[in-house]
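*Asks:* Please see the structure below; I have some questions.
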Amino acid sequence: MRIVIFDMDGTLVNSGHDITASVNHVRKKIYGLAPLTKTFVVEAINRDQRNLALLFYETPLYEPEAQQEFECHYHEQCVRTPRLYPGIRSLLDSLSHQGVGLSVATNAPARFAGRMLTHLGLEALFDRIVGSEDVVKSKPHPAMLLDILNGYGYVPGHDRALMVGDSAKDMEAARQAGIPGAFASWGFSPEGGGDVILSTPEEILPLMEERDNFFTQAR
């Protein structure tokens, strides 16, 4: 069995504009603050250590009113301008055609990922979408990845699984789950470690064709 687990935002989909629009909506409506730039927002999301409530809304705690307002706004906003990164659609089609199991592990609520993938006509290609509401701890904790792997009946040493993401949190989750991590350099973060750095999505295909070397060395 071969499995690829993808991060969502910054790996499959460039959703930076929509996330920023919803953050700025909350800043203006709830806090009366000036807008942030997309560059700041997407960089902040993938920081290893960060308090997003403080960075985005200048308050130490993510207040229920602000969370509710963001999620209500983003439910509509998330399907306005999401764009697949170049090469992602053909990659997913190729992997699916080869019988590779495809899943998503996102630190955002799974319903947003599902909504975006449906909007983009890709949801049917994925077996699972695991989000922040589905586990006690999000990435870099490995709970999301382990949940997905267990759902496939993954057997270490026999099956092959790969985590593809654009942050150090994704790569650490992969390490703790005992599978290799491939860092997507086209995403939101300029660097994030991992067992291999990808320049383009197409580079995943030969990795999944390798029999032993890559997966043995990465464990």
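The values are calculated or read from the model by the stated rules, or taken from the named source; none is laboratory data. Worth saying up front: this structure is predicted, and the values here are computed from it rather than measured. Cβ atoms come from the backbone with ideal geometry, glycine included; neighbour counts cover every protein chain shown.
Results for (1) at pLDDT 95 or above; (2) within 13 Å of SER103 (Cβ to Cβ); (3) surrounded by 16 or more Cβ atoms within 10 Å (Cβ to Cβ); (4) not assigned by TED's automatic domain parsing to the domain that holds VAL100, shown as yes or no for each residue.
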| site | (1), (2), (3), (4) |
| --- | --- |
| LEU120 | yes, no, yes, no |
| VAL135 | no, no, yes, no |
| GLY157 | no, no, no, no |
| GLY165 | yes, yes, yes, no |
| ALA177 | yes, yes, yes, no |
| ALA182 | yes, no, yes, no |
| PRO190 | no, no, no, no |
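*Asks:* Can you name every residue in region 99-114 that is touching a residue at least 40 places away in the same chain (Cβ under 8 Å), assigned to a loop (DSSP other than H, G, I, E, B) and over 19 Å from ASP159 (Cα atoms)?
*Replies:* Scanning region 99-114 gives THR106, ASN107, ALA108.
*Asks:* Exactly one of (1) touching a Gly at 6+ places or on another chain (Cβ under 8 Å); (2) of a type outside the set (Lys, Arg); (3) more than 25 Å from GLN77 (Cα to Cα) is unmet by ALA110. Its number?
*Replies:* Against the list (1) touching a Gly at 6+ places or on another chain (Cβ under 8 Å); (2) of a type outside the set (Lys, Arg); (3) more than 25 Å from GLN77 (Cα to Cα), ALA110 comes up short only on (3).
*Asks:* Restricting the search to region 56-97, which residues are of a type in the set (Asp, Glu) and touching a Leu at 6+ places or on another chain (Cβ under 6 Å)?
*Replies:* None - no residue of region 56-97 is of a type in the set (Asp, Glu) and touching a Leu at 6+ places or on another chain (Cβ under 6 Å), so the list stays empty.
*Asks:* From GLY178, GLY121, grab the single residue that is small (Gly, Ala, Ser) and in contact (Cβ under 8 Å) with a residue 12 or more places away in the chain.
*Replies:* After applying the criteria, what remains is GLY178.
*Asks:* Step by step: first the residues of region 177-191, then only those that are out of contact with any Phe, Trp or Tyr (no Cβ under 9 Å at 6 or more places or on another chain) and not hydrophobic (A, V, I, L, M, F, W, C), then the one that is nearest to ILE45 (Cα to Cα). Which residue is that?
*Replies:* Kept after step one, since they are out of contact with any Phe, Trp or Tyr (no Cβ under 9 Å at 6 or more places or on another chain), are these residues of region 177-191: 177-178, 181-183, 185, 188, 190.
Applying the additional criterion that residues be not hydrophobic (A, V, I, L, M, F, W, C) yields 178, 181, 185, 190.
On the way: GLY178: 25, GLY181: 19, SER185: 16, PRO190: 13 Å.
Result: PRO190.
*Asks:* Among the residues in region 137-155, are any among the charged types (D, E, K, R) and closer than 28 Å to LYS38 by Cα?
*Replies:* The initial filter retains those residues of region 137-155 that are among the charged types (D, E, K, R), namely 137, 139, 147.
Filter once more, keeping what is closer than 28 Å to LYS38 by Cα: 137, 139.
Yes; the residues of region 137-155 include at least one that is among the charged types (D, E, K, R) and closer than 28 Å to LYS38 by Cα.
*Asks:* Here is a further query. Just the residues that are of a type outside the set (Asp, Glu) and touching a Ser or Thr at 6+ places or on another chain (Cβ under 8 Å), please, taken from region 16-34.
*Replies:* Residues of region 16-34 of a type outside the set (Asp, Glu): 16-17, 19-34.
Passing the criteria: HIS17, THR20, TYR31.
*Asks:* I'd like the full set of residues that are surrounded by 15 or more Cβ atoms within 10 Å (Cβ to Cβ) and of a type in the set (Ser, Thr, Tyr), limited to region 39-61.
*Replies:* TYR57
*Asks:* Check whether at least one residue in region 9-28 is surrounded by fewer than 14 Cβ atoms within 10 Å (Cβ to Cβ) and either under 26 Å from PRO142 (Cβ atoms) or out of contact with any Cys (no Cβ under 6 Å at 6 or more places or on another chain) (or both), and report yes or no.
*Replies:* yes
*Asks:* For LYS28, all conditions in the list (1) in contact (Cβ under 8 Å) with a residue 12 or more places away in the chain; (2) of a type in the set (D, E, K, R); (3) over 30 Å from GLY151 (Cβ atoms) hold save one; what is the number of the exception?
*Replies:* For LYS28, the exception is condition (1).
*Asks:* Okay, next question. Could you check region 12-98 for helices (runs of 4 or more DSSP H) lying wholly inside it with 1 or more residues that are β-branched (Val, Ile, Thr)?
*Replies:* Hits in region 12-98: 16-26, 38-45, 88-97.
*Asks:* On to the next question. Out of everything in region 1-11 that is not in a strand (DSSP E or B) and not β-branched (Val, Ile, Thr), what residue ends up being farthest from ALA66 (Cα to Cα)?
*Replies:* MET1
*Asks:* Select from region 160-187 the residues that are in contact with a strand residue (DSSP E or B) (Cβ under 7 Å, 6 or more places away or on another chain) and in a loop (DSSP other than H, G, I, E, B) and write down the one among them that is farthest from LYS137 (Cα to Cα).
*Replies:* SER185
*Asks:* Suppose we filter region 192-205 for residues that are free of Cβ contacts under 8 Å to residues at least 40 places away in the same chain and surrounded by 19 or more Cβ atoms within 10 Å (Cβ to Cβ); how many remain?
*Replies:* Number satisfying all stated conditions: 3.
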